[in-house]
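Below you'll find the structure, written out as structure tokens, and then a few comments.
What follows is calculated from the coordinates using simple rules that are stated; it is not laboratory data. Given the structure is predicted, the values throughout are model-derived calculations rather than measurements. FYI the Cβ positions are ideal-geometry reconstructions off the backbone, even for glycines, and counts take in every protein chain you see.
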Amino acid sequence: MRSTLSMLRVAVCLVFALTLLAGVVFPAVLWGIAQAAFPSRANGSLVVQGGHVIGSRLIGQAFIGAGYFHPRPSAAGTGYDGLASGGSNLGPTNQKLIRNVGEALAAYRAENALPANADVPVDAVTGSGSGLDPEISIDNARLQAPRVARVRGLAPSLVAAMIDAHTENPSLGVFGEPGVNVLMLNLALDSAAPAGLQTRAR
């Protein structure tokens with residue numbers, strides 16, 4: 001009986017100690033290191049403007065004005081909903097998906113003054129698995145650049161340079177593809193030219 005109680009006591013103490021170590025001490029140490037080494041990234045890479053948080057470098061949001069670069073479509077909630085991250089879960093032969101892509105393709109070509117048979121990057125007409133991608137492909141950005149330059153009255157060369165400046169390389173140089181951060185690019189555009197006629201949905 002004593003042996004059983006002794007083993008039970010040891011087991012309870014081990015569970016308590018490991019819970020304290022793995023559930024409190026280890027996370028607290030990692031949090032402290034992150035706050036000291038890279039506080040911005042540890043706190044969500046938030047973007048603050050005028051004392052207000054307007055977004056995160058890591059989470060996509062809707063931009064609908066003609067003078068803004070538009071993100072890829074989103075199926076997260078009602079669109080770009082950080083509380084409902086996810087894709088459409090529609091298969092490649094699903095008629096709803098085929099219809100949605102066709103409509104998005106026609107709208108993209110129209111708003112960017114492209115020919116009816118122009119090739120369009122896949123990220124311009126399909127959502128991602130998370131629905132919250134903060135980046136678009138370089139090709140997508142370049143196709144939108146003439147519209148943005150025209151509406152804002154900026155030189156196309158300046159807009160192209162801004163795209164290059166906000167292109168982010170793959171993680172560790174090998175994971176993923178280069179992409180253009182839409183929020184940061186649009187904020188740079190707002191700094192370069194007034195956006196009084198633009199409409200941004202947040």
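Quick notes
- Taking the Cα centre of region 89-200 as origin and assigning +1 to Lys and Arg Cβ atoms and -1 to Asp and Glu Cβ atoms, the resulting dipole is close to 420 debye.
- Quarter of the Cα convex hull surface for region 49-89, i.e. its orientation-mean projected area (nm²): 3.8
- Taking every alpha-carbon pair under 8 Å whose residues sit at least 6 apart, region 44-192 reaches a relative contact order of 26 percent.
- Point-charge dipole on Cβ atoms (K/R +1, D/E -1) for the chain, about Cα centre, debye to 20: 520
- Using a simple spin-label model with pseudo-atoms 7 Å out from Cα toward Cβ, Leu14 and Val29 lie 2.1 nm apart.
- The chain, helix-only ellipticity at 222 nm - DSSP H runs n ≥ 4, -39,500 (n - 2.57), divided by all residues, nearest 500: -13500 deg cm²/dmol
- Membrane-span-like helices in the chain, defined purely by DSSP H runs whose alpha carbon atoms cover 18 Å or more axially and whose average Kyte-Doolittle hydropathy reaches -0.5, are 2-20, 95-111.
- Projecting the Cα positions of Ala11, Leu21, His52 onto the charge dipole of the chain (unit charges on Cβ atoms of Lys, Arg, Asp and Glu, taken about the Cα centre) puts Ala11 furthest along the positive direction.
- Per-peptide packing, taken as the mean over residues of other Cβ atoms within 10 Å, places 153-159, 6-12 in the sequence 153-159, 6-12 from highest down.
- Remark on region 127-174: ratio of C-alpha radius of gyration to 2.2 N^0.38 Å is 1.33.
- Listed from fewest to most Cβ neighbours within 10 Å, the set Ile136, Ile163, Ile54, Ile64 follows the order Ile64, Ile54, Ile163, Ile136.
- With Cα atoms as the point set, the chain shows a radius of gyration and Dmax of 23.4, 86 Å.
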